[in-house]
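Notes follow once the structure below has been shown.
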Amino acid sequence: MDSLNRNSRQYRLINSDGHVTEPADLWTSRVSSPYKDRAPKMQSFPEGDAWIIEGVKDPVNFGWNNCAGLPPEEMKGWMKFSDIREGGWKPKVRMEEMDRDNVDAEVLFPTPRLSQAIFANQDEPFHLEMVRAYNDWLSEYVATAPDRFCGAAMMPTRGGVKAVVAEMDRVLSNPGMRTIVIGCWPNGTLAISEEDDAVWAALVEREMPLTIHVAMSLNMPGAHKAKLPGYGRFFDAPNRMIEMIFSGVFDRFPTLDVFFAEVDFGWVPYVKEQIDNNYNRLEPVTKFGLLQSPRDYIDRHFHYGYMTDTFGLQNRNHVGAERILWSSDYPHISADWPYSWRTIQSSMSGVSPDERNLILHKNAERLFKFG
């Protein structure tokens, strides 16, 4: 039985946050002639291969983005492109890699430092060409098996809300392209505005969620300098929740869904408590004008992708199993490929079968229209 037929009947495990590995010629082969010399390109160094990107000081290596399944001593920042698994840019190979891990489907995001550099590029025509080139390539990738892949289309940060809506109209009718990922608010800044309503309206009309991968930023990426990268992925998410709630987005669009990829969720109960505490103290004086309490908006509109969050699972009743989506981050260093089920089984003691099914596949089926 081929994987497509098996997949079309039933899902048991959907990865809500997987990543592609962009091929070396993605941008140089797709942008128009004036921008080919400026487009992101791969270059070889003594340590390995890395991306050279306009506006980024250091070469962007990708070893930690492609080391899932390697022994710990072989996980390193620098690798040669020829040495990494091919599923990142070959969808048929990717399905074989998924089958080995017993993963039925994936939501696919770009490599973070690459997408961050494109989001931060300030040359509007060049920026728009890079966004379109990526989305065209991703559309071709996910069209290979739309029942197994959901592509997260990268949205422009230049050109304002009209450019975002235009890109949505251009790519979201392609097979498998069923959500968008933003690097800032649609108006092109990190301050939410009622201008952005045109995008929320377009998402609601399409019954598609908004996704934010880890955080929004308009800064160019740099070399990893933190002593422990990745431990605080959720730091940005509460601020974005507050902005959306208190700007009245969900009063105007009561069916809009928001998915935070790779932020975990054990922090959510604390944030809800603190937001509601301050809201109830200040509302009598400030008159925020909300139709519900902040907690109600959080419980209704936000969803969270996690890789390892045992504390969160133990306290899931304070979040809601219908808000939680499992992910592996494959092929990045955080993935447990090809033994994801071992991690899942060891972390889900006491989780009912109905809740397990929501977390492992049903929430993703609903949000990202699998099946």
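The values are calculated or read from the model by the stated rules, or taken from the named source; none is laboratory data. These figures come from a predicted structure and were not determined experimentally. With ideal geometry, Cβ positions are generated from the backbone for all residues, glycine too; neighbour counts draw on all protein chains shown.
Taken together, Arg281, Arg342, Arg295 contain a single residue that is outside any loop (DSSP other than H, G, I, E, B), under 24 Å from the mean Cα position of the chain (by Cα) and more than 30 Å from Leu228 (Cβ to Cβ), which is Arg295. If I filter the stretch 302-318 for residues that are at pLDDT 95 or above, in contact with a Leu (Cβ under 9 Å, 6 or more places away or on another chain) and assigned to a helix (DSSP H, G or I), do I get at least one hit? No: zero hits.
Listed by first and then second residue, the pairs with beta-carbon distance under 6 Å, at least 6 apart or on different chains, first residue in the stretch 30-46 and without any contact (Cβ under 8 Å) to a residue 60 or more places away in the chain, second among the charged types (D, E, K, R) and not in a strand (DSSP E or B), form an empty list. Residue count for the stretch 148-159 under the criterion of being over 14 Å from Leu218 (Cα atoms) and either of a type in the set (S, T, N, Q) or out of contact with any strand residue (DSSP E or B) (no Cβ under 7 Å at 6 or more places or on another chain) (or both): the result is 1. Restricting attention to the stretch 254-274, does a residue exist that is without any contact (Cβ under 8 Å) to a residue 24 or more places away in the chain and within 24 Å of Ala120 (Cβ to Cβ)? Checking the stretch 254-274: not a single residue is without any contact (Cβ under 8 Å) to a residue 24 or more places away in the chain and within 24 Å of Ala120 (Cβ to Cβ). Looking at the structure I just gave you, is Glu355 surrounded by fewer than 18 Cβ atoms within 10 Å (Cβ to Cβ), in contact with a helix residue (DSSP H, G or I) (Cβ under 6 Å, 6 or more places away or on another chain), at negative phi and touching a residue at least 12 places away in the same chain (Cβ under 8 Å)? Judged against the criteria, Glu355 is not a match. Scanning the stretch 179-196 turns up at least one residue that is surrounded by 19 or more Cβ atoms within 10 Å (Cβ to Cβ), out of contact with any strand residue (DSSP E or B) (no Cβ under 9 Å at 6 or more places or on another chain), small (Gly, Ala, Ser) and modelled with pLDDT of 95 or more. Scan the stretch 135-145 and give yes if some residue there is closer than 12 Å to Gly183 by Cβ, surrounded by 19 or more Cβ atoms within 10 Å (Cβ to Cβ) and at pLDDT 95 or above, otherwise no. Scanning the stretch 135-145 turns up no residue that is closer than 12 Å to Gly183 by Cβ, surrounded by 19 or more Cβ atoms within 10 Å (Cβ to Cβ) and at pLDDT 95 or above. Of the residues screened, Val258 is one that is surrounded by 19 or more Cβ atoms within 10 Å (Cβ to Cβ) and closer than 21 Å to His318 by Cα. For the stretch 12-57, the candidate set comprises residues that are touching a strand residue (DSSP E or B) at 6+ places or on another chain (Cβ under 8 Å) and aromatic (Phe, Trp, Tyr); within that set, the residue that is nearest to His332 (Cα to Cα) is Trp51.
The listed residues are Glu54, Glu96, Glu73, and the only one of them that is surrounded by fewer than 23 Cβ atoms within 10 Å (Cβ to Cβ) and out of contact with any helix residue (DSSP H, G or I) (no Cβ under 9 Å at 6 or more places or on another chain) turns out to be Glu73.
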